[in-house]
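For reference, the structure discussed in these notes is given below.
Rule-based calculations on the coordinates, nothing more; no lab input. Here the structure is a predicted model, which means the values were calculated and not measured. A quick note on method: Cβ atoms are made from the backbone with ideal geometry, for glycine too, and the neighbour counts reach across all protein chains shown.
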Amino acid sequence: MKIQIFSDSLALPREVPQKVYYEETYPAKLSKDHIVAQYSKGAGTIKDLLDQTFYYKLFYPDFVIIQSGIVDCAPRPFTQFEEHFFTLNFFTKGCKAILKRLTKSWLRTLRKVAWTKPKKFRFFCEQFKKTYPDTPILAIGILPPRPEYENLAKGISKRIDEYNSILKDVFGENYIDTSDMPDDGIMSDHHHLTSVGHQYIYDKIIGHISQLYQ
């Protein structure tokens, strides 16, 4: 079976804050029994992923898996343009350090910027379906937020619920609910997957594909 994966950094191996080897990721686990094409971009929005379908649709997959949403919905102090501008080389290290501290302060709570607003997020989800009209698209729900995450990013719980509702509405029975993700499946940064989390997602995908075939 040919499986296409589009994701932000959640499907990738990591070194921090905990280590996950490539072999422990769910794309690697899927590749043991299937032909897998993967496009994953750290801090990638759903639009970033959609833009790559121009190329990857020629893979002609039997299934498409999308894991996206936390980058789009998380409350932020700056827009994407502002953040890119502030990280340009002509800013000093001291200035960048101040800006970094601001991202963890009142400014994020005050502005609550979403890099992709809900209407746009829905639009891009629907464009995925138009790009793959005859291919099942499995949409992995945004991971449930811990209380610590809500304390760090006020409003994140409400945002996650809203964007998961959009995923569920657009992809219907092919939406993969992650609300029962075990606590040890999420890293201490509150949104990346541990090896336990990758196994959880892998099991969910395999179970869902099996149901579709039946």
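When each of the peptides 174-184, 18-28 is scored by how many other beta carbons lie within 10 Å of its residues on average, the order from highest to lowest is 18-28, 174-184. Normalised by 2.2 N^0.38 Å, where N is the number of residues, the alpha-carbon radius of gyration of region 156-214 equals 1.23. If you take the Cα centroid of region 1-40 and the Cα centroid of region 57-73, the two points sit 12 Å apart. The ellipsoid equivalent to the alpha-carbon distribution of region 9-61 has semi-axes of 22, 17, 5 angstrom, derived from the gyration tensor eigenvalues as √(5λ) and listed largest first. Working from Cα pairs under 8 Å separated by at least six residues, relative contact order for region 108-214 is 26 percent. Of the trypsin sites (Lys or Arg not before Pro) found in region 22-73, those in coil by DSSP whose Cβ has at most 15 other Cβ atoms within 10 Å are Lys32. FRET efficiency for the pair Lys154 and Gln211, taken as 1/(1 + (r/R0)^6) with r the Cβ-Cβ distance and R0 = 45 Å, rounds to 0.75.
Less than 5 angstrom separates the built amide H of Met187 from those of His192, Leu193, Thr194, all sequence-distant by 5 or more or on a different chain.
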